[in-house]
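Okay, structure first, notes after.
Laboratory data are not the source of any read-out in this text; all were calculated from the coordinates shown. Quantities reported herein were computed from a predicted structural model and do not represent experimental measurements. With ideal geometry, Cβ positions are generated from the backbone for all residues, glycine too; neighbour counts draw on all protein chains shown.
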Amino acid sequence: MKFPFFDLTRQFPEIKNEVMTTFEKLLDRQALVMGDAVTDFEKNIAQWMGVKHAITVGNGTEALILALKVLDIGPGDEVITPAFSFFASTGAILYVGAKPVFVDVDAATYNMLPDQIEKMITARTKAIMPVHLYGQMAEMGPILEIAKKHKLRVIEDYAQSIGARDGDLVSGACGDLGATSFYPTKNLGAAGEGGMITTNDDALADKTRLIRVHGMRKRYIHEFLGTNSRLDALQCAYLSAKLPRLNRWVEMRTQNANRYFAELAPLTKLGLTLPKVGATKKHVWNQFIITVPERDRVKEILAERGVPTEIYYPFTIPEQAPLRGICEPAGWPTSEKLARTSMALPIFPELKSEEQTLVIEGLKHALESLARTETKAQLQPTAPF
Ligand SMILES: *Cc1c(COP(=O)(O)O)cnc(C)c1O
């Protein structure tokens with residue numbers, strides 16, 4: 001039996017009628033750009049999140065780029081960000097001409113280490129860009145404190161963590177600006193590309209609303225340099241159909257995570273590590289990431305049994321070509337270790353129980369057989385006399 005790592009065709013039937021009806025209405029009216037579908041979605045998602053302003057944009061990467069631009073971050077400025085993330089967080093910093101400065105991540109939560117931030121601050125540092133990786137918020141308590149002490153801005157990359165919380169802190173609503181993505185593989189995915197910037201700051205919200213329409217408040221009067229990055233009305237209507245179901249889908253992801261925790265625990269003695277969820281954290285499980293010894297071999301053994309896994313991410317950011325000449329390729333040991341040993345298990349809401357059983361059994365088989373060959377190798381004499 002073969003099954004997918006992620007499969008949206010299992011989810012679409014649930015929203016199909018609603019989507020088709022609203023799409024037909026919008027298309028009949030040719031209401032394509034801005035308008036009610038956009039403002040309704042922005043109002044509803046802001047309320048759902050618990051943030052004052054939600055401003056949709058073209059995609060998550062543009063959300064990050066525009067957030068940096070709104071804060072006037074560019075050439076000569078430095079932004080502190082984790083060495084282990086999807087490339088977009090660092091890519092956005094480079095794209096506006098600023099310099100990313102990297103800190104390592106925590107081996108158990110995979111999120112940026114706050115206690116490495118302060119020693120990286122220079123006179124050029126303008127902002128911290130934490131990434132709430134895989135569905136769990138970074139340590140925003142200490143990060144916000146450091147930012148306040150050094151008068152730095154905070155831009156949260158919550159592309160993988162919409163709806164995540166840490167006590168009273170809401171992902172995407174505790175920094176100056178939050179940037180998220182509606183790419184189809186995220187917990188709330190559009191029918192294509194999409195992104196959003198969120199903030200509780202009225203002035204920043206106003207500037208963000210203008211930057212996505214060429215800095216234009218009144219028609220053909222451009223107050224400052226912006227660009228075009230609007231989210232289509234059809235995409236907003238699609239997202240509106242999904243939003244009321246998001247909590248339930250996250251609950252299904254959480255149940256899948258809980259089953260992995262319960263049934264993979266015995267494999268920790270064979271070297272598997274499970275992700276750590278902070279006591280005050282609400283994790284939204286965009287990804288379930290484990291580490292195993294001989295990761296590539298384990299992945300192969302699982303694939304032979306039809307069990308799909310992914311690697312997010314096989315390289316650290318400093319190892320990527322655009323960072324050449326900007327920083328050393330190595331020097332973030334936990335990030336480097338995660339790039340070599342971590343793997344993602346299927347966790348999407350509609351994953352079937354019997355499929356999850358195959359993942360668990362496959363891992364057990366892989367780790368036990370690798371442990372056996374290791375013992376055999378150890379028993380063989382290494383050098384003959
Ligand atoms: C997906 C993602 C992005 C970028 O979003 P796009 O909409 O694909 O541009 C940024 N950061 C992280 C951590 C992501 O996972």
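A few points about this structure:
- Residues that are out of contact with any helix residue (DSSP H, G or I) (no Cβ under 7 Å at 6 or more places or on another chain) and surrounded by 24 or more Cβ atoms within 10 Å (Cβ to Cβ), drawn from region 165-194: Ser171, Gly175, Gly178
- In the set Arg219, Arg209, Arg259, only one residue is away from the ligand (no atom under 16 Å from the Cβ), out of contact with any Asp or Glu (no Cβ under 9 Å at 6 or more places or on another chain), of a type in the set (D, E, K, R) and more than 26 Å from Asp40 (Cβ to Cβ); that residue is Arg259.
- Single condition Leu264 does not satisfy, out of (1) touching a residue at least 60 places away in the same chain (Cβ under 8 Å); (2) more than 15 Å from Glu368 (Cβ to Cβ); (3) outside any loop (DSSP other than H, G, I, E, B); (4) away from the ligand (no atom under 16 Å from the Cβ): (2)
- If you go through region 62-71 and keep only what is hydrophobic (A, V, I, L, M, F, W, C) and more than 9 Å from the ligand (Cβ to nearest atom), you end up with Ile65, Leu66, Ala67, Leu68, Val70, Leu71.
- Residue in region 114-123 that is in contact with a helix residue (DSSP H, G or I) (Cβ under 8 Å, 6 or more places away or on another chain) and within 16 Å of the ligand (Cβ to nearest atom) present: no
- Of the residues in region 7-29, none is buried (at least 22 other Cβ atoms within 10 Å of the Cβ) and either under 22 Å from Asn228 (Cα atoms) or free of Cβ contacts under 8 Å to residues at least 40 places away in the same chain (or both).
- Selection within region 43-61 - more than 19 Å from Asp201 (Cβ to Cβ) and within 16 Å of the ligand (Cβ to nearest atom): Gly58, Asn59, Gly60, Thr61
- Residue count, region 181-202 (criterion: more than 8 Å from the ligand (Cβ to nearest atom) and within 30 Å of Lys148 (Cα to Cα)): 7
- Breaking point among (1) in contact (Cβ under 8 Å) with a residue 40 or more places away in the chain; (2) farther than 30 Å from Gly141 by Cβ, for Pro314: (1)
- Residues of region 285-337 that turn out to be among the aliphatic types (A, V, I, L, M) and touching a Pro at 6+ places or on another chain (Cβ under 9 Å), as a count: 8
- Options Lys151, Lys126: the member that is more than 16 Å from the ligand (Cβ to nearest atom) and either of a type in the set (Ser, Thr, Tyr) or at positive phi (or both): Lys151
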